Every structure is written in C-alpha cells, then in structure tokens.
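J.: The structure is given below, and queries will be raised subsequently.
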Amino acid sequence: MSTCAWMRSNLTTQGYCLGDAERRELFVALRFSTGLCLALVVAALALQSPVMVFALSGVGVVAGFSARHPFDHLWNRVVRHPLGGPVLPPNPPRRRHAFKLATVWLASVGVLLSAGAATAGLVLGGLLVAACGAVTVANLCIPSELFAWWERRTARKAPTAI
C-alpha cells in the first residue's frame with residue numbers, strides 16, 4: 001500500500017469520507033487542531049504546568065462532545081483566510097471519541113503533575129505527545145483504529161436475524 005493510500009485509509013478510519021481532491025485540499029486544515037494541541041501539550045509538559053494541562057482537558061471536552069474542535073473554529077474563522085484554506089468539515093464520531101479519550105489522558109497527566117508525580121506525568125504525557133504526533137503527521141489516530149477494531153469485532157459477534 002502506498003503512503004498516500006495508507007494516509008487516506010487513516011482518515012477513513014477516523015470516519016472521514018473524502019475524495020482525493022478534497023483530502024488534498026484539507027491536508028493542512030485537518031492537521032491544524034491536532035498540531036496546535038500537540039504544540040500546547042509539549043509546552044505544558046516542558047513547563048510541567050498542571051494548570052495548562054487541565055485547560056487543554058477543557059478544550060478536549062468541547063472537542064469530544066461537539067461537532068467541531070475549538071481549534072477548528074480558530075481555523076475556520078481566522079487562520080484559513082490568509083492561507084486560502086478550505087472550511088473544515090465537522091469531526092466524525094470516531095474522531096470525537098478519540099478526543100474524549102485524549103481528555104481523560106490529559107486530565108490524568110494533570111492529576112499526576114498536581115500530585116507531584118512529575119516523572120509519571122511526563123511519561124504519560126510523552127505517550128500522549130507521540131499519539132498526537134502520529135495523528136498530526138500521518139493521520140494515524142490510534143484511538144480511532146482501536147474503535148474501528150472494536151466495531152469490527154463486535155459486529156461479527158452480533159446475532160444474525162433469519
């Protein structure tokens with residue numbers, strides 16, 4: 001499988017139904033919210049700031065329970081205009097579920113940092129940075145992959161009507 005096909009498959013796993021032209025047009029836009037989160041999480045970890053991590057958890061709650069990540073609004077209303085970029089589509093359910101998981105992950109990092117367990121917080125935060133980096137660089141959303149696997153697994157076990 002080519003890199004292009006693999007990255008397209010990764011977006012499909014997140015729940016996007018995009019043609020090649022639309023996917024190319026959204027190349028930067030789809031990475032904006034995760035890329036900005038990635039940079040902010042790295043900064044929060046470098047500062048070992050539980051306040052910043054908890055604030056990012058709040059962003060994650062909104063992202064997980066609404067059709068658009070808060071940073072999608074920033075892209076759509078401000079950033080895309082000077083870049084000539086397209087409007088972002090709403091986030092599909094699997095991607096929103098991944099944001100919910102990231103919210104819990106961030107909250108856990110915040111609790112660890114607040115409790116003085118900096119090493120554990122930084123390790124858990126580093127794993128989050130790696131996951132966020134994968135989705136930002138390659139559209140590889142590990143939680144979406146796990147949700148898709150779970151859906152395939154449970155669909156096979158469902159009884160069939162005769």
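The values are calculated or read from the model by the stated rules, or taken from the named source; none is laboratory data. Bear in mind that the values here come from a model prediction, so they are computed numbers and not experimental data. Reconstructed Cβ throughout: ideal geometry from the backbone, glycine too, with neighbour counts over all protein chains shown.
J.: Leu83 passes all but one of (1) out of contact with any Leu (no Cβ under 8 Å at 6 or more places or on another chain); (2) surrounded by fewer than 17 Cβ atoms within 10 Å (Cβ to Cβ); (3) free of Cβ contacts under 8 Å to residues at least 40 places away in the same chain; which number fails?
T.: Every condition holds for Leu83 apart from (3).
J.: Checking Ala115 against (1) out of contact with any Gly (no Cβ under 9 Å at 6 or more places or on another chain); (2) at pLDDT 95 or above; (3) surrounded by fewer than 17 Cβ atoms within 10 Å (Cβ to Cβ), only one condition comes out false. Which one?
T.: Going through the list (1) out of contact with any Gly (no Cβ under 9 Å at 6 or more places or on another chain); (2) at pLDDT 95 or above; (3) surrounded by fewer than 17 Cβ atoms within 10 Å (Cβ to Cβ), Ala115 breaks only (1).
J.: May I pose another question? Considering only residues that are surrounded by fewer than 17 Cβ atoms within 10 Å (Cβ to Cβ) and farther than 19 Å from Ala98 by Cβ, which ones fall in segment 38-54? So that I can check it myself, show each step before the final result.
T.: Step one: of segment 38-54, the residues surrounded by fewer than 17 Cβ atoms within 10 Å (Cβ to Cβ) are 39, 42-43, 46-49, 51.
Answer for segment 38-54, where residues must be surrounded by fewer than 17 Cβ atoms within 10 Å (Cβ to Cβ) and farther than 19 Å from Ala98 by Cβ: Ala43, Ala46, Leu47, Gln48, Ser49, Val51.
J.: What number of residues in segment 122-154 are under 13 Å from Val109 (Cβ atoms) and among the basic types (Lys, Arg)?
T.: 0
J.: Continuing with the same structure: Of all residues in segment 18-43, which are more than 15 Å from Ala63 (Cα to Cα), in a helix (DSSP H, G or I) and either modelled with pLDDT under 95 or of a type in the set (Asp, Glu) (or both)?
T.: If the condition is that a residue be more than 15 Å from Ala63 (Cα to Cα), in a helix (DSSP H, G or I) and either modelled with pLDDT under 95 or of a type in the set (Asp, Glu) (or both), then Asp20, Ala21, Glu22, Arg23, Arg24, Glu25, Ala29 are the ones that fit.
J.: Still on this model: State whether the residues of segment 18-30 include one that is surrounded by 13 or more Cβ atoms within 10 Å (Cβ to Cβ), in contact with a helix residue (DSSP H, G or I) (Cβ under 6 Å, 6 or more places away or on another chain) and under 15 Å from Phe99 (Cα atoms).
T.: no
J.: Quick one: which helices (runs of 4 or more DSSP H) sit completely within segment 50-100 and have at least 1 residues that are within 30 Å of Gly116 (Cα to Cα) and modelled with pLDDT of 95 or more? Before you say what the answer is, go through the steps one by one.
T.: Details: elements: 50-65, 70-74, 80-83.
Hits in segment 50-100: 50-65, 70-74.
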